[in-house]
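The values are calculated or read from the model by the stated rules, or taken from the named source; none is laboratory data. Please read all numbers here as calculations on a predicted model, not as lab measurements. Every residue, glycine among them, receives a Cβ derived from its backbone with ideal geometry; neighbour counts consider all protein chains shown.
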Amino acid sequence: MRRIFLLFTFLFSLFAAFAATPTNTLPVVYITTTNNQAINSKETYVTGTLRIDPTTTSYPALAEVAAQFKGRGNWTWTGFDKKPYRIKFDAKQAVLGMPKNRHWCLLAYADDYLGYLKGPAGFIISEALGLRWTPRIQPVELYINNQYQGLYFLTEHVRVGSNRVNITEQEDNATDDVTGGWLVEIDNYAESNNITFTEGNGENVMVTPKSPEILSSAQRTYIENQLYGLNDAIYGASAEDLWSRLDLDEAVKYYLVQEIMDDCEAYHGSCFLYKDRDTNGQVDKWKFGPVWDFGNAYDRSRNGPDHQWIYVEPQFSQHWVGQLASWPEFHAKVLEYWWIYNQTCNDSVVARINAFANSIKEAAKNDAQRWNGTQNYCENRDMTEKTAKFFRRYNPRMQWLHEQWGDGTQPATWGIDPITNHQLPITNKILRDGQLLIIRGDKTYTITGTEVR
């Protein structure tokens, strides 16, 4: 009987794979591997080609180009039949309106029961708050070796680059100028190059260097001293020491994204920090970001009380955030960015999430047909219902944060025209690359009055 059931499951899955077809409401990505080889490893790339048909969208097409492909992720790779992938083009490519790069991800979001909206919503909030870089993401439909794979999300991979984490890139095994740039990840998986230490609260922390990856003894000594010193400063008594090491604004903006998304796994894994090279005796501060994984966002409502701070009784070990939240400078800055978010960001964030959900509603139906009944798949066939379900998490979270923080605190420099010294309406101010900018006519200025060209 079990053999019959397994055979039926296999045949049903095979039928679904051939029955489902693209909707042509999104760009279609076609991957063809050499000799139709399966992409079944996270370690070994498979060669092949990739092309993109924009279908009815306004994006430019991408002619067939050489690329390599492999799996990616941890639980999302091992726990699901619908797999995520890495793409490495042989030469840099601009895809779907996103800047040129060789390195991209195809995210499956098979674990997202809220209509594939957790990750995109986190990115949208990050962009609205003005983190220095947020990965861009575009929904697509995917074919691999002429088999329809359903709805995927073509996303910029977190890397050092002029259009991504824009810092100086060190070579692996360098011995000179090891002060930066550095891109590291607070990790929850052991890697061969992990740096481990004990947090001030007794928790063990693993940090994985992402760039550079292979460290010389000089690089390893430097980054260890940096991380140990930052940990000591977070748990220390000197505000001057801490904020000379850590960028306060970026730390607060990163935190606020996680708190709005009620991400119970934040600061546990996929938590990136970076710093640029020290120059002319000026030490560059560590910055939190970019945001990345929101797989456990809004999950506490499924398992228990969700009206609490993300660092209170966490389901996962969350490093540094609880202690950071206790610093008065951190709390004061949170109130300022909370005010900014409510005054200038929330309405556009809600509109963008709704628009994103609407853009994938037809492809979501075909994705459900393609993957129905497979391992651990979260079906999102009805995007109208799933979008409403998402906002049944987002809206109460926002209300609870309002109860804690009120309307926030208007920043002292917010709304003052640096040219006339008069109050400006909120619509005359924007956020870009972590800066508050003021618009006057056809010109844009920083809050200190410097014209931005």
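Looking for something of a type in the set (Gly, Ala, Ser), closer than 26 Å to Cys264 by Cα, touching a residue at least 12 places away in the same chain (Cβ under 8 Å) and in a loop (DSSP other than H, G, I, E, B) - is there at least one such residue anywhere in the range 416-436? Scanning the range 416-436 turns up at least one residue that is of a type in the set (Gly, Ala, Ser), closer than 26 Å to Cys264 by Cα, touching a residue at least 12 places away in the same chain (Cβ under 8 Å) and in a loop (DSSP other than H, G, I, E, B).
Only one of the numbered conditions (1) of a type outside the set (Ser, Thr, Tyr); (2) assigned to a helix (DSSP H, G or I); (3) within 23 Å of Phe390 (Cβ to Cβ) is not met by Phe330, and that is (3). Step by step: first the residues of the range 18-35, then only those that are in a helix (DSSP H, G or I) and at pLDDT 95 or above, then the one that is nearest to Phe153 (Cα to Cα). Which residue is that? Ranking the qualifying residues of the range 18-35, first place goes to Thr34.
Restricting Thr198, Thr175 to those that are among the polar types (S, T, N, Q), in contact with a helix residue (DSSP H, G or I) (Cβ under 6 Å, 6 or more places away or on another chain) and without any contact (Cβ under 8 Å) to a residue 60 or more places away in the chain reduces the list to Thr175.
Within the range 268-275, is there a residue that is in a helix (DSSP H, G or I), buried (at least 16 other Cβ atoms within 10 Å of the Cβ) and either in the same structural domain as Leu436 (by TED's automatic domain parsing) or out of contact with any helix residue (DSSP H, G or I) (no Cβ under 6 Å at 6 or more places or on another chain) (or both)?
No, there is no match, as no residue in the range 268-275 is in a helix (DSSP H, G or I), buried (at least 16 other Cβ atoms within 10 Å of the Cβ) and either in the same structural domain as Leu436 (by TED's automatic domain parsing) or out of contact with any helix residue (DSSP H, G or I) (no Cβ under 6 Å at 6 or more places or on another chain) (or both).
Among residues that are under 22 Å from the mean Cα position of the chain (by Cα), more than 13 Å from Ala108 (Cα to Cα) and surrounded by 16 or more Cβ atoms within 10 Å (Cβ to Cβ), Thr374 is not included. Inspect the range 144-156 for any residue being touching a residue at least 40 places away in the same chain (Cβ under 8 Å), of a type in the set (Gly, Ala, Ser) and in a loop (DSSP other than H, G, I, E, B) and give the result as yes or no. No, the range 144-156 contains no residue that is touching a residue at least 40 places away in the same chain (Cβ under 8 Å), of a type in the set (Gly, Ala, Ser) and in a loop (DSSP other than H, G, I, E, B).
Residues are listed down the side, and each one gets a yes or a no for (1) outside the structural domain of Thr76 (by TED's automatic domain parsing); (2) surrounded by fewer than 15 Cβ atoms within 10 Å (Cβ to Cβ); (3) without any contact (Cβ under 8 Å) to a residue 12 or more places away in the chain; (4) of a type in the set (Asp, Glu):
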site: Glu265; (1), (2), (3), (4): yes, no, no, yes
site: Asn280; (1), (2), (3), (4): yes, yes, yes, no
site: Val291; (1), (2), (3), (4): yes, no, no, no
site: Asp299; (1), (2), (3), (4): yes, no, no, yes
site: Trp320; (1), (2), (3), (4): yes, no, no, no
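For the range 88-103, the criterion of being closer than 20 Å to Thr384 by Cα and in contact (Cβ under 8 Å) with a residue 24 or more places away in the chain is met by no residue. Restricting attention to the range 246-266, the residues being over 14 Å from the mean Cα position of the chain (by Cα) and within 12 Å of Phe288 (Cα to Cα) number 7. Here Glu127 meets each of (1) more than 25 Å from Gln37 (Cα to Cα); (2) touching a residue at least 40 places away in the same chain (Cβ under 8 Å) with one exception, condition (2). On inspection, Tyr113 does not qualify as assigned by TED's automatic domain parsing to the domain that holds Asn231 and not in a strand (DSSP E or B). In this entry, Glu362 is excluded by the filter for residues that are surrounded by fewer than 20 Cβ atoms within 10 Å (Cβ to Cβ), under 25 Å from Ala325 (Cα atoms) and touching a Ser or Thr at 6+ places or on another chain (Cβ under 8 Å). Residue pairs whose Cβ atoms lie under 6 Å apart, sitting 6 or more positions apart in sequence or on different chains, and linking a residue in the range 213-233 that is touching a residue at least 40 places away in the same chain (Cβ under 8 Å) to a partner that is in a helix (DSSP H, G or I), are Leu230/Arg245.
Per-residue answers, yes or no, for (1) touching an Asp or Glu at 6+ places or on another chain (Cβ under 8 Å); (2) assigned to a loop (DSSP other than H, G, I, E, B); (3) at pLDDT below 95:
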{"residue": "Pro305", "(1), (2), (3)": "no, yes, yes"}
{"residue": "Ser317", "(1), (2), (3)": "yes, yes, yes"}
{"residue": "Asn342", "(1), (2), (3)": "yes, no, yes"}
{"residue": "Asn366", "(1), (2), (3)": "yes, no, no"}
